[in-house]
Amino acid sequence: MTKINTIGIDDNLDRGRIKKLLVLGIIGSVLTGAGDFLVGFGEQTDPAPETLAENLMANVLNLSDTQLIAGGLFGVFGILLEALAFFAIYRLMADSSLKYAHIYRAGIIGYIWLAPIGCHMNIGILNIAYKHLLQLDEAVAAELANKLILAFYVPLWIMLVILWLPALIVQFKAFSEGLTPYPRYARWFNVFVGMIPALIISAIAGPETALGGGIGTMFLSFGNLFTFGGLLAALPSEKKFEEFRRKAEQKKVQSV
């Protein structure tokens, strides 16, 4: 029988540790959201963008370099804290389903690997380069930006989705199946649910406006903040954790 790697899973499902990680996730989500907002908060200058680069960066001329640099750096640190906090969810399901836990852990590793530098900070770098090239030659700026997006950013985002999407699905299934100490309704504290309000607010405000663009850029941060905040608010008592630990231990004994 193949032994399952248990890196990151200790013998004690510690409620206090889970709580601290969720608080860390909230801090990280706020930092990342601030970074997203800074990168997106600017009126669109092109009323009818044509190319991919023009669609993604239609507001770039109204963004200062300081704004873009700060937005990129906030996200790098915030996403790292979010990734560490995801280990709380990973640990919650580990006692009842190592299979789900390991799928989720693979998603966390992918998130740490790709999200901070590859998918967030590079957006700030691309915006700065595009902004300054745009003032020199619009055609060259659009051509270079499109090449960079298609050659580097799109593949990185596809890789992130491939690694992170299964983790989000597993999270929903684990909470739905009662494989954590939480009540089953906690399955709705998920990124997919949390990002919906941000997208709706952005659409109402108008994605072409500074406010709508800023909020729309924050949609994933909204999702993470909703996840961590909801799980912290619904955190079961120590008694519930103890009951869950006892049942999980009984199942392990019965399976031997």
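Descriptive notes on the structure:
- Taking a sphere under 12 Å around the Cβ of Asn224 and counting the other residues whose Cβ falls inside, with K and R at +1 and D and E at -1, yields a net charge of -2.
- Relative to the longest principal axis of the Cα atoms of the chain, the long axis of helix 98-114 lies at roughly 20 degrees.
- An ellipsoid equivalent to the chain, defined through the eigenvalues of its Cα gyration tensor, has semi-axes of 40, 18, 14 Å when rounded to whole angstrom and sorted largest first.
- Residue-averaged 222 nm ellipticity for the chain, from DSSP H runs of 4+ at -39500 (n - 2.57), nearest 500: -24000 deg cm²/dmol
- For the residues Thr45, Thr66, Thr217, a GNM of the chain with alpha-carbon springs under 10 Å puts the largest fluctuation on Thr66.
- Which listed pairs, of Lys99/Lys147; Lys19/Lys99; Lys20/Lys131, have C-alpha distances above 31 Å, in listed order: Lys99/Lys147; Lys20/Lys131
- Rounded tilt (10° steps) of 219-233 against the dominant C-alpha axis of the chain: 30
- Dipole axis of the range 18-235 (+1 Lys, Arg; -1 Asp, Glu on Cβ), positive-most option in Asn59, Leu133, Ser202: Ser202
- The charge dipole of the chain, taken about its Cα centre with unit charges on the Cβ of Lys, Arg, Asp and Glu (plus for the first two, minus for the last two), comes to roughly 1760 debye.
Here, each number is a calculation from the coordinates, and none is a lab measurement. What you see is a predicted model, and the numbers here were worked out from it, not measured in a lab. Counting neighbours? That spans all protein chains shown, and the Cβs are built from the backbone with ideal geometry, glycine included.
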